[in-house]
Amino acid sequence: MMKKALVALAFSGMALSAQAASLLSEGFDNVANLSSQGWLLSNTSTPVGSTGWYQGVESIFPAHSGEASSYAAANYNSAAAGGIINNWLITPEFSTGANGATVSFWLRADAIAGFSDQLSFGFSNGSSDLGAFSMSTPVTIGTDGWMRYAFDVAAGGNARFAMQYTGSADLANYVGIDTLSIDAIPAAADVPEPTTMAILFAGVMGLAMSRRRKRG
């Protein structure tokens, strides 16, 4: 009986996870092919440097998941010396669905004393025009391993999500992006209420306690 109750609880958790439909998933196995898949890579740094977004370098640090080099990277060479970085990586257009969507991804920067890397994030209404994006205040990316970031976009039609590598080229270093996913937010009716899950968990615990008393 205890085993059956635990199985029921496990399947309940699986059903909850399944409610979030995946709209886009990208592991950056081949950054050079992103443009052909609807991504926009646009380096408008001033002056423009010698690199844009490129395949991750495993000798600097390995990917969050998959092959060691399977992440998108950018560095201070996005702009020329003394310049300002403005290097964009923009997702394909996607539908926000009836309840909006959540964009999640992992970031990491390389640690060199005196240097740091900044990114801004934002959404457009589906336009690929850089001026159409509402962007966040730049965030300094951590160097102590990969860190997950997540942003929600409200329902309302189509959207694109942008990551903008920014800041002074003379103060920047190297940053990576990996494991990006966009998932539709499920309707409230599709998510079990916390009290329901608590009751189910309490029932399982009750069964466990009953089993112990019988053994005594």
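Points to keep in mind about this one:
- Restricted to the stretch 109-119, and to residues there that are over 17 Å from Ile84 (Cα atoms) and touching a strand residue (DSSP E or B) at 6+ places or on another chain (Cβ under 7 Å), the residue that is surrounded by the fewest Cβ atoms within 10 Å (Cβ to Cβ) is Asp110.
- Which numbered condition Ala155 fails, given (1) in a strand (DSSP E or B); (2) open to solvent by 40 Å² or more (accessible area, probe 1.4 Å); (3) aliphatic (A, V, I, L, M): (1)
Every residue, every condition in (1) closer than 25 Å to Ala159 by Cβ; (2) part of a loop (DSSP other than H, G, I, E, B); (3) in contact with a strand residue (DSSP E or B) (Cβ under 7 Å, 6 or more places away or on another chain), yes or no:
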position: Leu24; (1), (2), (3): yes, no, yes
position: Asp29; (1), (2), (3): yes, yes, no
position: Ser42; (1), (2), (3): yes, no, yes
position: Pro47; (1), (2), (3): no, no, yes
position: Gly52; (1), (2), (3): yes, yes, yes
position: Val57; (1), (2), (3): no, yes, yes
position: Ile60; (1), (2), (3): no, yes, yes
position: Ala63; (1), (2), (3): no, yes, yes
position: Gly66; (1), (2), (3): no, yes, no
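- Check on Ala5, at pLDDT below 95, open to solvent by less than 70 Å² (accessible area, probe 1.4 Å) and either out of contact with any Gly (no Cβ under 9 Å at 6 or more places or on another chain) or not in a helix (DSSP H, G or I) (or both): no
- Candidate set from the stretch 68-96 (those that are of a type in the set (Val, Ile, Thr) and part of a loop (DSSP other than H, G, I, E, B)); member that is surrounded by the most Cβ atoms within 10 Å (Cβ to Cβ): Thr91
- Any hit, the stretch 129-152, residues being closer than 20 Å to Asn99 by Cβ, surrounded by 14 or more Cβ atoms within 10 Å (Cβ to Cβ) and at pLDDT 95 or above: yes
- Candidate set: the stretch 132-169, residues that are within 16 Å of the chain's Cα centre (by Cα) and free of Cβ contacts under 8 Å to residues at least 24 places away in the same chain; chosen: the one nearest to Gly52 (Cα to Cα): Val139
- Residue among Gly122, Gly126, Gly142, Gly167 that is in contact with a strand residue (DSSP E or B) (Cβ under 7 Å, 6 or more places away or on another chain), part of a loop (DSSP other than H, G, I, E, B) and within 28 Å of Ser65 (Cα to Cα): Gly142
- Flag for Asn99 being touching a residue at least 24 places away in the same chain (Cβ under 8 Å), crowded, with 22+ Cβ neighbours inside 10 Å and closer than 30 Å to Gly157 by Cα: no
The values are calculated or read from the model by the stated rules, or taken from the named source; none is laboratory data. Everything numeric in this text was worked out from a predicted model, so none of it was measured. In this analysis, Cβ positions are derived from the backbone assuming ideal geometry, glycine residues included, and neighbour counts consider all displayed protein chains. SASA here: full protein model, heavy atoms, side chains in, ligands and nucleic acids out. Shrake-Rupley method; radii C 1.70, N 1.55, O 1.52, S 1.80 Å.
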